[in-house]
Amino acid sequence: MTADAELTFEFTPNASPVPANERAERLVNPGFGRVFTDHMVTIRYAEGKGWHDAKVGARAPLTLDPATSVLHYAQEIFEGMKAYRLADGSAALFRPRENARRFRDSARRMAMAELPEALFLESIRQMVRADRDWIPEIEGGALYLRPFMFASEVFLGVKPAAEYLYMVIASSVGAYFKGGAPSVSLWVSQDYTRAAPGGTGAAKCGGNYAASLAAQAEAIRRGCDQVIFLDAVERRYVEELGGMNTFFVFDDGSIQTPPLGGTILPGITRDSLLVLARAQGLTVREAPYAIDQWKADAESGRLREAFACGTAAVVTPIGSVASPDMRFSIGNGGPGELTERLRDQLVGIQRGELPDPHNWLERLD
Ligand SMILES: *Cc1c(COP(=O)(O)O)cnc(C)c1O
């Protein structure tokens, strides 16, 4: 462990937190990403000085110089993870070390300072400890944690910044899709791609999302819920949604997901579902899947189910797929049997209701 990882956090409680009765009201139906907690974590980095000034304090606006580097050159990365309330009232995180490692990988790709994993983990624990009363008790509720980091140096030169600000904020959340979404409809983007070989597709950076929004807006205009991207080279192989990985379930009981390889975000939900599927003896392929094959398989019945997955929405069935020259639906348009089974297993582990053979749950006290 480096000296950086042993930084101690200075804790200054919020002097005027949201009153308990008002908090309770906000937690009844929080939606997603609108209800924020009382505190935030900040840690600073400067070249030559390393990581310093670790704090937990009242959540408050930032003041930024207009020449702050991130506003011009977009060195920004983030993570998304959840703290769950267990039956015994304690809180738990799901595979937080994977988020810590991915955050470092993202930083490296964006030529940013790398936060030591132990420091990342401690910042998350501090955040949950400060705001654990904000974990909603509603079904499917969680405290969504958003660690992020950006170039905070005041300088207009094009180079990796010499200063960074790392932060954690938290949002009390319910279901990601309004109404719990029995299934989503997808629009296959023809004009836009999400990630090219050698690009930033495997990094969790804000820029990838900015680049996906025109395609997502087009999906909505075409009457679909979400955009799905094809590979940038052949414009043929299915990659992922703007913020979720994809899985396909076949009539022989096998499942398939596109392989990682630089253009797909290595989702922790994706990895967990692969582990769960393999552990129950299912045949699992990480292999490219062409959009024309998807259509043919959906129409022949060889493909039974398809779903998208990620921390925010967990597992979401894909009901139909459309593009300018085709449209097909999957199964009966609702959640399939295996999709539901995998989802229930994952959620059961996350909420401490099922055995946790892979030691994925990290309990906090
Ligand atoms: C975060 C993210 C995912 C899902 O990752 P999880 O670790 O499962 O939450 C998938 N695709 C993209 C583009 C993402 O940013």
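The values are calculated or read from the model by the stated rules, or taken from the named source; none is laboratory data. Given the structure is predicted, the values throughout are model-derived calculations rather than measurements. With ideal geometry, Cβ positions are generated from the backbone for all residues, glycine too; neighbour counts draw on all protein chains shown. Each accessible area value is taken on the protein alone, full model and side chains, heavy atoms only, with ligands, DNA and RNA left out. Shrake-Rupley method; radii C 1.70, N 1.55, O 1.52, S 1.80 Å.
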List pairs: first in the stretch 338-356 and touching a residue at least 60 places away in the same chain (Cβ under 8 Å), second exposed (fewer than 15 other Cβ atoms within 10 Å of the Cβ) and among the aliphatic types (A, V, I, L, M), Cβ under 8 Å, 6+ apart or cross-chain?
GLN345/LEU354; ARG351/ALA87; GLY352/ALA87; GLU353/ALA87
ALA111 outside the structural domain of ALA203 (by TED's automatic domain parsing), out of contact with any strand residue (DSSP E or B) (no Cβ under 9 Å at 6 or more places or on another chain) and open to solvent by less than 60 Å² (accessible area, probe 1.4 Å):
yes
Looking at this structure, is LEU64 part of a loop (DSSP other than H, G, I, E, B) and either outside the structural domain of PRO160 (by TED's automatic domain parsing) or surrounded by fewer than 17 Cβ atoms within 10 Å (Cβ to Cβ) (or both)?
yes
Within the group VAL321, VAL314, which residue is away from the ligand (no atom under 16 Å from the Cβ), under 20 Å from ILE264 (Cβ atoms) and of a type outside the set (Lys, Arg)?
VAL321
Please verify whether the stretch 148-166 includes one or more residues that are away from the ligand (no atom under 16 Å from the Cβ), assigned to a helix (DSSP H, G or I), of a type outside the set (D, E, K, R) and open to solvent by less than 60 Å² (accessible area, probe 1.4 Å).
no
What are the residues in the stretch 89-120 that are away from the ligand (no atom under 16 Å from the Cβ), more than 27 Å from ALA195 (Cβ to Cβ) and touching a residue at least 24 places away in the same chain (Cβ under 8 Å), if any?
SER90, ALA91, ALA92, PRO116, ALA118, LEU119
Taking the residues in the stretch 327-338 that are at pLDDT below 95 and either of a type in the set (S, T, N, Q) or open to solvent by 30 Å² or more (accessible area, probe 1.4 Å) (or both) as candidates, determine which candidate is nearest to VAL238 (Cα to Cα).
GLY331
Suppose the filter is open to solvent by 60 Å² or more (accessible area, probe 1.4 Å) and not acidic (Asp, Glu); does PRO96 pass it?
no
